[in-house]
Amino acid sequence: MIRHIVAEPSPRVSSESLNSRFPPINKKVTDKVVGTPSNKILLSPKQILLSPKKLMLSPKQQLLLSPSTSAIKRMELGRNVFDKYLKPPTSSFAGCNCCHVIAADDDSFQRMYYTNIFKKSINCEELGLKTTEFKLEVCSSGEDLVERVSVMLKCGCKKLLAIITDYSMGEKRLTGYKTAEKLRQAGWQKPILLRTSESKSELAQLHPDLDKIIDCIIEKGNKGPGCKDIVMKYLKESKGVSQ
């Protein structure tokens with residue numbers, strides 16, 4: 001005896017339940033996005049049929065929808081739509097690490113001497129600076145001084161007003177004259193003050209171009225104008241303050 005097995009129909013599943021479980025595969029995207037991320041225009045199906053002028057768009061946004069506008073041009077227009085609302089970049093050097101005066105001496109006592117002079121004796125208000133704004137930097141060799149000044153010259157803030165260097169800073173180290181010579185070659189044109197125990201006549205015999213490289217020689221322990229007065233004079237000159 002042969003039995004005929006008839007498969008029972010599977011329970012019907014409503015199209016609504018299927019759509020709720022699985023999104024339609026062939027769903028057409030009817031919205032249209034025009035422009036760049038900075039200037040997106042989202043158009044509905046009804047708005048796509050309208051002309052750009054009826055959409056109440058700006059002239060630049062109308063150009064974005066124009067078929068004659070190339071893709072590169074549309075990107076440029078979209079990028080520049082809000083340029084007028086952006087603040088222009090400020091060129092402030094307030095946060096840079098440059099100083100107003102830099103000095104070099106291999107003697108720790110002399111480095112402390114510079115620190116005391118500029119903290120207690122120099123009147124920053126005469127230079128148009130606040131006491132809290134004024135900054136001094138001290139190096140222990142001519143090599144360090146040249147390297148540091150080269151960095152400040154690249155900064156472009158023009159804070160540095162004057163350089164003070166000792167003449168003799170060790171046998172295997174750069175002398176104050178050689179240091180000043182390298183600074184001039186690097187492009188430094190403001191005052192360089194040479195502080196030394198040697199007399200000016202002795203140094204002039206060793207270096208014929210001394211007056212072309214060094215602005216002033218400050219002899220240690222001299223009976224003339226002190227270091228403070230001489231430095232202040234050249235700081236005002238470099239800053240452009242009337243004497």
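Only the coordinates and a few stated rules stand behind these numbers; no lab work does. Keep in mind the model is a prediction, meaning the values are calculated, not measured. Ideal geometry is used to build each Cβ from the backbone, glycine not excepted, and the neighbour counts take in all protein chains shown.
Per-peptide packing, taken as the mean over residues of other Cβ atoms within 10 Å, places 96-103, 176-183 in the sequence 176-183, 96-103 from highest down.
Cross-link pairs exceeding 19 Å in C-alpha to C-alpha distance, out of Lys130/Lys220; Lys135/Lys182; Lys182/Lys212; Lys172/Lys200, comprise Lys130/Lys220; Lys135/Lys182; Lys172/Lys200. Of the peptides 156-169, 130-143, 202-215, the order by per-residue mean of other Cβ atoms within 10 Å, starting with the highest, comes out as 156-169, 130-143, 202-215.
Which log10 I(q)/I(0) values does the range 101-239 give at q = 0.15 Å⁻¹ under the Debye formula, counting every alpha carbon as one identical point scatterer? The computed values of log10 I(q)/I(0) come out as -0.71.
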